[in-house]
Amino acid sequence: MNILILGSGGREHALAWAVMQNPKCDKLIVAPGNAGIAQIADCAAFDIEDGGAVANFAEENAIDFVIIGPEAPLAAGVADRLREAGLLVFGPSEAAAKLEASKSFTKEICDAANAPTAAYGHFTDAEAAKAHVRQHGAPTVVKADGLAAGKGVIIAMSEAEAIDAIDDMFGGAFGGAGAEVVIEEFMEGEEASLFVLVDGENVLAIGSAQDHKRVGEGDTGPNTGGMGAYSPAPVLSAEIEARAMEEIVKPTMKVMAERGMPYQGVLYAGLMIKDGQPRLVEYNVRFGDPECQVLMMRLGAQALDLMQAAAEGRLGEAQVNWADDHAITVVMAAAGYPGSYEKGSEIKGLDTLPEDSSNMVFHAGTKAEDGKVLAVGGRVLNVTARGDTLQEARDRAYAMVDGVDWPQGFFRRDIGWRALK
Ligand code: AMP
Ligand code: GLY
């Protein structure tokens, strides 16, 4: 099978790494890829948000299966164009990708599915939004409706903060994403993510994870795309996972199918858990990054079989072969991230690190130049390890981190603290 993966981050390196281990994979191309991906697969450069360009490339290269990593091509309808061209694709249609691309769409689907989530109002007018805040009080959560690279959510501890956030959003701080604003009840509890494969009809849970969104140790400082993650998430016990599947995931997938937008791909359910009750915080229509890295480390080669079964509508007969293991990933980022940071510093020592089924450094923002590996992104490396216990996985990951010679980088020493406390 010839496989094309779209994307360039640590998520796509981890997907490529798992796919390559499966003997079904004859040839793997990743577009655009990065320096780490180039060590295990061919990389190609074209516009991955242009469905026509992706379809042409796939046809010219005799691709049998396309796996779409990030949300932008999904929201741009790339999966639809590829299916029209008769290609097998892993990833939802543009219509179904609205579960991530529009928060008010998701809230409305959850209402129709009776899925537990935060109470909300949605507004296209600042005065009405402010009136809602004055009526319901703080804390409250103000969200830009559209895709805002993870930055369009303001947790407002006071009414004044919420009003400022409303002014910012309608003032264009998040561009078109803020033309509509959702205001939600603030939910308390512990957050965890559940990853579910969906083939339009059948669902299959493939693992849970918790990430660390804040840049600083002890969960302090500004939000990031994620500074580390581990799987499984202890808070998502078998009972709570079953409730999340029965009360949230299955009913919303049923509503999507009934409305003529069957969902196919991976569904990332961000959950808030309190007193044994999971409630939906958000859906994403792709694997999390860096959550994918720990999931792929645990699933290995079977990840390809499972994604193929989802794409072919055969999930009803699929099952996950679980090892009783734990995985963790530590993100190494460029100094200054998530603010401005320098590009081009050299990373040394990577060739001294182990690479096997329990140890892997996935590249997120790197480029190869003259035989050197250069940092070219904010989040640069995802140092990932597996073990029989989370502590063992964590010790392995930090031993690798300590072997990376990159003075311009930084990382959190406390990834996994919540699960180990
Ligand atoms: P989202 O982009 O919707 O995932 O929001 C980003 C983060 O904001 C989530 O991961 C939560 O930590 C937090 N958050 C979002 N909505 C709520 C809510 N209704 N109550 C509490 N925290 C929330
Ligand atoms: N790590 C969070 C995300 O991928 O959305």
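The values are calculated or read from the model by the stated rules, or taken from the named source; none is laboratory data. Predicted, not measured: the structure shown is a model, and the values here were computed from it. FYI the Cβ positions are ideal-geometry reconstructions off the backbone, even for glycines, and counts take in every protein chain you see.
Within segment 266-298, track down each residue that is away from ligand 2 (no atom under 16 Å from the Cβ) and surrounded by fewer than 24 Cβ atoms within 10 Å (Cβ to Cβ).
Ile273, Lys274, Asp275, Gly276, Gln277, Arg279, Arg298
Is segment 62-81 home to any residue that is under 14 Å from Gln264 (Cα atoms), in a loop (DSSP other than H, G, I, E, B) and not aromatic (Phe, Trp, Tyr)?
Checked segment 62-81: at least one residue is under 14 Å from Gln264 (Cα atoms), in a loop (DSSP other than H, G, I, E, B) and not aromatic (Phe, Trp, Tyr).
In the list Gln135, Gln210, which residue meets the criterion of being in contact (Cβ under 8 Å) with a residue 40 or more places away in the chain and either within 15 Å of ligand 1 (Cβ to nearest atom) or over 30 Å from Ala257 (Cα atoms) (or both)?
Gln210
Six or more apart or on different chains, Cβ atoms under 7 Å: show the pairs whose first residue is in segment 293-310 and at positive phi and whose second is surrounded by 21 or more Cβ atoms within 10 Å (Cβ to Cβ).
These pairs meet every condition: Gly300/Ala18.
Checking Met20 against (1) touching a residue at least 24 places away in the same chain (Cβ under 8 Å); (2) under 16 Å from Ala303 (Cβ atoms), which test does it fail?
(1)
So, in segment 156-180, of the ones that are modelled with pLDDT under 90 and aliphatic (A, V, I, L, M), which residue ends up nearest to ligand 2 (Cβ to nearest atom)?
Ala177
Have a look at Gly409, Gly387, Gly403, Gly336 and point out the one that is loosely packed, with under 14 Cβ neighbours inside 10 Å, of a type outside the set (Val, Ile, Thr) and more than 21 Å from the chain's Cα centre (by Cα).
Testing whether each residue is loosely packed, with under 14 Cβ neighbours inside 10 Å, of a type outside the set (Val, Ile, Thr) and more than 21 Å from the chain's Cα centre (by Cα) leaves just Gly336.
Looking only at segment 104-111, decide whether some residue is in a strand (DSSP E or B) and at pLDDT below 90.
Checked segment 104-111: no residue is in a strand (DSSP E or B) and at pLDDT below 90.
Check off (1) free of Cβ contacts under 8 Å to residues at least 40 places away in the same chain; (2) within 16 Å of ligand 1 (Cβ to nearest atom) for Glu282 and give me the number that stays unchecked.
(1)
Looking at Gly175, Gly146, Gly137, can you tell me which residue is more than 21 Å from Gly225 (Cα to Cα), surrounded by fewer than 22 Cβ atoms within 10 Å (Cβ to Cβ) and not β-branched (Val, Ile, Thr)?
Testing whether each residue is more than 21 Å from Gly225 (Cα to Cα), surrounded by fewer than 22 Cβ atoms within 10 Å (Cβ to Cβ) and not β-branched (Val, Ile, Thr) leaves just Gly137.
Exactly one condition in (1) surrounded by 15 or more Cβ atoms within 10 Å (Cβ to Cβ); (2) at negative phi is not met by Gly77; state its number.
All conditions are met except number (2).
Among the residues of segment 146-187, which ones are assigned to a helix (DSSP H, G or I), within 22 Å of the chain's Cα centre (by Cα) and within 13 Å of ligand 1 (Cβ to nearest atom)?
Ala177, the sole residue that qualifies.
Looking only at segment 213-237, filter to residues that are touching a residue at least 40 places away in the same chain (Cβ under 8 Å) and of a type in the set (S, T, N, Q); which one of those is farthest from ligand 2 (Cβ to nearest atom)?
The extreme case among them is Ser231.
Using the structure shown, decide if Gly228 is within 16 Å of ligand 1 (Cβ to nearest atom), surrounded by fewer than 17 Cβ atoms within 10 Å (Cβ to Cβ) and at pLDDT 95 or above.
So Gly228 does not fit the description; no.
With the requirement that a residue be touching a residue at least 12 places away in the same chain (Cβ under 8 Å), in a strand (DSSP E or B) and under 20 Å from Gln391 (Cβ atoms), what does segment 346-359 give you?
Asn359
Need pairs with beta-carbon distance below 7 Å; first residue within 29 Å of Arg386 (Cβ to Cβ) and within segment 330-345, second of a type in the set (S, T, N, Q) and modelled with pLDDT of 95 or more; sequence gap 6+ or separate chains.
Listed pairs, sorted by first residue: Val331/Asn382; Ala334/Gln408; Ala335/Gln408; Ser345/Gln408.
Given the conditions (1) of a type in the set (A, V, I, L, M, F, W, C); (2) touching a helix residue (DSSP H, G or I) at 6+ places or on another chain (Cβ under 9 Å); (3) modelled with pLDDT under 95; (4) surrounded by fewer than 22 Cβ atoms within 10 Å (Cβ to Cβ), report the number of the one that Ala131 does not fulfil.
Failing condition for Ala131: (2).
Sort out which residues of segment 320-340 are at pLDDT below 95 and either in contact with a strand residue (DSSP E or B) (Cβ under 8 Å, 6 or more places away or on another chain) or within 19 Å of Asn34 (Cβ to Cβ) (or both), and write them in order of number.
Answer for segment 320-340, where residues must be at pLDDT below 95 and either in contact with a strand residue (DSSP E or B) (Cβ under 8 Å, 6 or more places away or on another chain) or within 19 Å of Asn34 (Cβ to Cβ) (or both): Pro338, Gly339.
Here's a check for you: in segment 1-17, which residue that is assigned to a helix (DSSP H, G or I) and in contact (Cβ under 8 Å) with a residue 40 or more places away in the chain is nearest to Ala53 (Cα to Cα)?
Residue satisfying both the conditions and the ranking: Glu12.
Could you tell me whether Gly344 is farther than 24 Å from His212 by Cα and exposed (fewer than 14 other Cβ atoms within 10 Å of the Cβ)?
Taking the combined requirement at face value, the residue satisfies it.
I'm trying to understand the selection: among the residues of segment 188-201, which are touching a Lys or Arg at 6+ places or on another chain (Cβ under 8 Å) and more than 9 Å from ligand 1 (Cβ to nearest atom)?
Those that are touching a Lys or Arg at 6+ places or on another chain (Cβ under 8 Å) and more than 9 Å from ligand 1 (Cβ to nearest atom): Glu190, Asp199.
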